[in-house]
Amino acid sequence: MANGSTAAAPASDATIAFELVCSRCGAKNATPGSDLSTRRRCPRCKAELAPMAAPLDVDAVALAAIVISARVPVLIDFWAPWCPPCRVAAPIAKKVAADLAGKALVLKVNIEQQPALAAEFGVRAIPTFIVIRDREVVKQHPGLAMPGTIKRWLATKMTKSR
Ligand SMILES: [Zn+2]
């Protein structure tokens with residue numbers, strides 16, 4: 001992926017880490033979900049490790065790990081490969097992820113691979129955008145939406161501190 005964000009295999013202690021790749025030295029830095037939106041230093045070269053700036057494909061385990069610990073609102077783009085409007089939604093999700101790096105996290109759920117997640121969130125049409133804040137679904141929008149609209153959904157501050 002463009003910014004090198006990938007979901008890594010869950011660690012044996014049942015916590016899950018994601019990989020943020022250092023743009024300077026290429027080091028793969030294991031990053032918990034709670035730190036995907038924060039700025040940190042690369043342990044190897046000390047360059048600033050940019051927060052996640054591209055949509056991340058997730059399964060149920062990765063989604064739960066991020067939602068439980070996220071310090072910022074989370075946007076989920078539910079999509080399927082056979083859905084033409086989803087191909088229109090993809091660059092919109094990408095733009096939101098890039099524009100709101102550090103302020104929101106953007107996840108993608110392929111409902112063909114993750115039908116249980118689609119059912120869990122009551123997704124009946126795709127694309128569907130869902131916004132989660134403080135672990136709660138605060139917005140569910142079936143159909144396309146423009147980046148500016150989605151950014152407004154995500155703009156409201158987190159109410160709980162953690
Ligand atoms: Zn580095």
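Observations
- Residue that is of a type in the set (A, V, I, L, M, F, W, C), in contact with a Pro (Cβ under 9 Å, 6 or more places away or on another chain) and farther than 18 Å from residue 124 by Cα, where the choices are 70, 101, 89: 101
- One residue alone among 15, 31 is outside the structural domain of residue 132 (by TED's automatic domain parsing), among the β-branched types (Val, Ile, Thr) and either at pLDDT below 90 or over 21 Å from residue 134 (Cα atoms) (or both), and that residue is 15.
- Qualifying residue in the range 87-109 (condition: more than 17 Å from the chain's Cα centre (by Cα) and in the same structural domain as residue 62 (by TED's automatic domain parsing)): yes
- Output for the range 49-68, where each listed residue is under 11 Å from residue 15 (Cα atoms) and in contact with a strand residue (DSSP E or B) (Cβ under 7 Å, 6 or more places away or on another chain): 62, 66
The values are calculated or read from the model by the stated rules, or taken from the named source; none is laboratory data. The structure displayed is predicted, hence computed values, not measured ones. Glycine gets a Cβ as well: all are built from the backbone with ideal geometry, and neighbour counts include every protein chain shown.
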